[in-house]
Amino acid sequence: MRQRQALQGARRARDFEAFVAGAAGRLLHAATLLTAEAPDDNPRARRLLTLALAHTYISWNRLRGEDPYDRARQYLATRFARAAWHQYGGLGRARTHPGAALAALAPQERLILVLRLYEGVAEEQTAALLGLPVERVRTICDRATTTLLQPPRSPAPAVVGAKVAPS
């Protein structure tokens with residue numbers, strides 16, 4: 001009995017190590033995009049990844065045909081949303097790295113954009129995961145995409161030495 005359990009534990013560890021070797025890089029990149037940290041300095045993203053992988057390992061035996069990558073990605077997204085909610089009083093603005101690709105977006109916009117465009121999750125699945133209507137997910141994704149594609153307008157340059165005539 002003990003030998004069988006030891007063999008199952010070793011097989012479980014090998015399977016999980018193979019999963020981590022194949023999926024950790026993509027999950028870390030997704031976490032880095034979510035946290036809007038620099039790719040070379042991303043402690044929050046690494047913590048998110050560690051928590052997601054630990055959660056996936058704990059539930060490894062219960063997956064039974066379910067994709068472990070989907071489970072890890074789902075936990076990563078919900079953990080990020082929960083942390084942003086508690087830390088910033090909702091999915092409002094968060095401190096980000098100014099050079100990060102998605103730094104101009106709010107956490108909820110980043111989350112939806114990463115799930116929809118980077119991970120390729122369907123609108124319906126994203127809406128179900130976040131507890132939002134599909135139309136709201138579509139609107140937020142469109143707004144975030146527009147924000148990224150159209151740089152903010154800078155104020156008009158001031159004319160030096162010009163005098164305004166009194167009225």
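The values are calculated or read from the model by the stated rules, or taken from the named source; none is laboratory data. Bear in mind the structure is a predicted one, so any value in this text is a computation, not a measurement. Cβ sites come from the backbone with ideal geometry, for glycine too, and all protein chains shown count toward neighbours. Surface areas here come from the heavy atoms of the whole protein model, side chains and all, with no ligands, DNA or RNA. Shrake-Rupley method; radii C 1.70, N 1.55, O 1.52, S 1.80 Å.
Checked against (1) modelled with pLDDT under 90; (2) under 20 Å from residue 129 (Cβ atoms); (3) surrounded by 14 or more Cβ atoms within 10 Å (Cβ to Cβ), residue 38 passes all but a single condition, namely (2).
Please indicate, with yes or no, whether at least one residue in the range 67-76 is of a type in the set (S, T, N, Q), within 12 Å of the chain's Cα centre (by Cα) and open to solvent by 40 Å² or more (accessible area, probe 1.4 Å). Yes. Considering each residue of the range 38-45 in turn, at least one proves to be free of Cβ contacts under 8 Å to residues at least 40 places away in the same chain and under 20 Å from residue 74 (Cβ atoms). The set of residues from the range 129-139 being at pLDDT 95 or above and in a helix (DSSP H, G or I) comprises 134, 135, 136, 137, 138, 139. Of all the residues in the range 22-49, those that are closer than 14 Å to residue 80 by Cα, of a type in the set (A, V, I, L, M) and touching a helix residue (DSSP H, G or I) at 6+ places or on another chain (Cβ under 6 Å) number 9.
Scanning the range 7-16 turns up no residue that is open to solvent by 20 Å² or more (accessible area, probe 1.4 Å) and under 22 Å from residue 112 (Cβ atoms). Taking the range 24-48 on its own, how many of its residues are assigned to a helix (DSSP H, G or I) and within 21 Å of residue 109 (Cβ to Cβ)? The total comes to 13. Taken over the range 9-29, the criterion of being closer than 15 Å to residue 75 by Cβ and not aliphatic (A, V, I, L, M) is satisfied by 16, 19, 26.
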